[in-house]
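Shown next, in structure tokens, is the structure this report addresses.
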Amino acid sequence: MELSILSQKNPWWKGKEHFEEDEDYRKWKEKQIKWVPKILEDIELKPFSLNFIFGPRQAGKTTLIKLLIKKLLDEGKKPESIFFFRCDEIKDYKELRELLETYLDFRKNLGIKCSYIFLDEITFPREWFRTIKSFIDDGIFREDVLFLSGSTTLEIRKEAEYFPGRRGFGKDYLLLPLSFREFVEVVNPKIKEKLPEKLKSIEKREIEEKILKLIPFSEELNSILETYFITGGFPEAINDYFKYKKVREETIRTIISWIITDLTKIDKSWENAREVLKSVLIKIPSAISWENIAKETTFKSPKTVSSYLRVLNSMFILKITYHIDPNNTIVEFAKNKKINFLDPLFFKVFEEWCLIEVERKTEKMIEAIVASHLFRRFKDVFFWKDGSEVDCIINLKNKLVGFEVKWSEKPEAKKVFVGKLKEIYTLSKNKLDLENNIIPTALMLALL
């Protein structure tokens, strides 16, 4: 590969002041709403390390990388020691090897021994891992820091697991669309300064203390939540709204396009995926079986339904929530499951893709938002249904805490106590009754 091509992709090689010419950074600076991912502060840069950045496309992985490069330049790192390349332009591991060899020869001539190498969308070149493993085993990267970003196949095929004992000080970083709290911080900096720290636990005393601090901002937080319903946490959709007062059709089509592309890459039919998603849209948030979904598809196979839902789960599009027995905290995988979209924008995306309109969409969306935020915070979220029902349950060291979503002005407190499920919070539209664990949804989301 020609060195001139690499130089075009790394304008800072001409001097760190030329970083401003980078196209991704320039577009980010022009945005009305600029989001700096918090994990930027957590990233370590200790050689040798092989790091992976996971997450859906359009969530800001490339922006994160470019801001990290700027940080390195501002810290005085030699510009030529920082190498970036977007791998969707590379065919296979052979071309990847050629690319890296071109850069390594370049840095050798400059006497550079430690580099920061960023390979964006690494999953595009076929068998990309062969080149990376080979270079690591040959000691070529022993003084370098590598960042490889990817979305679908990196997660589904577990390609990051192809490097046992070869990661050094490397870590995995997950970048998802903005949470509601991050959304608040970005669109209303004044409230950002007033937000208490995120919940460290789900203890009643801490929740009450921090909820009371948010009460003066209830009206603003509710208004921001209504905007979040429209935009979700995808940066492009957020900027669309604040510029055009709507999410552009182009943004919606871009998300649909990457879903189709990623499904095709892993030999999955996007037509089958669309059929499954259409059924999910109709049934969400009810507990359902794969058999129940299969009946509404042309392929009629519960096994195929399961396969597609697990793929969509790995693509960070939805989360499958399993039933839990509150008496013994055993997760009952064979029972009906709940499905929630990871970001509220997916409701609009799939309405357009599947050509349907979701009934009671706000009511369904708010439960999905609560479930996805609990997932972000606690990793595993469950539900329970046996005559009565609890929408979301988290397991904290064998203590179960439930969350019931009641998107109404005057909901009754959920009072169901079974086995180890002794505490339930009812999330309302506006009502606050701390004695009975009734909390406005926007206030709780702002603390997660």
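Brief remarks follow.
- Criterion (among the basic types (Lys, Arg), more than 21 Å from ARG167 (Cβ to Cβ) and at pLDDT 95 or above) met by exactly one of LYS71, LYS91: LYS71
- Of all the listed residues (LEU195, LEU154, LEU225), the sole one being outside the structural domain of GLU127 (by TED's automatic domain parsing) and either in contact with a Lys or Arg (Cβ under 9 Å, 6 or more places away or on another chain) or modelled with pLDDT under 95 (or both) is LEU195.
- Residue selection: ILE39 fails the criterion of being in contact with a Phe, Trp or Tyr (Cβ under 7 Å, 6 or more places away or on another chain), surrounded by 21 or more Cβ atoms within 10 Å (Cβ to Cβ) and farther than 18 Å from CYS114 by Cα.
- Among the residues of segment 379-391, some residue qualifies, meaning at least one is in the same structural domain as LYS337 (by TED's automatic domain parsing), out of contact with any Phe, Trp or Tyr (no Cβ under 9 Å at 6 or more places or on another chain) and within 16 Å of SER201 (Cβ to Cβ).
- Criterion (over 22 Å from ILE33 (Cα atoms) and surrounded by 15 or more Cβ atoms within 10 Å (Cβ to Cβ)) met by exactly one of LYS210, LYS204, LYS200: LYS210
- Among (1) closer than 25 Å to GLU363 by Cα; (2) over 23 Å from the mean Cα position of the chain (by Cα) - the single one LYS300 does not satisfy: (1)
- Evaluating ILE255 against the criteria (1) under 18 Å from ARG181 (Cβ atoms); (2) buried (at least 20 other Cβ atoms within 10 Å of the Cβ) leaves one unmet condition, (1).
- Condition check for TYR103: buried (at least 18 other Cβ atoms within 10 Å of the Cβ), out of contact with any Cys (no Cβ under 6 Å at 6 or more places or on another chain), over 30 Å from LEU225 (Cβ atoms) and of a type in the set (Ser, Thr, Tyr): yes
- Pick from segment 406-431, criterion part of a loop (DSSP other than H, G, I, E, B) and touching a strand residue (DSSP E or B) at 6+ places or on another chain (Cβ under 6 Å), ranking: farthest from LYS364 (Cα to Cα): LYS420
- Meeting the requirement of 1 or more residues that are more than 16 Å from THR441 (Cβ to Cβ) and hydroxyl-bearing (Ser, Thr, Tyr), the helices (runs of 4 or more DSSP H) wholly within segment 174-235 are 218-231.
- Residue match in segment 347-363 (condition: among the polar types (S, T, N, Q) and touching an Asp or Glu at 6+ places or on another chain (Cβ under 7 Å)): no
The values are calculated or read from the model by the stated rules, or taken from the named source; none is laboratory data. In this text the structure is predicted, and so the values were computed from the model without any measurement. Cβ sites come from the backbone with ideal geometry, for glycine too, and all protein chains shown count toward neighbours.
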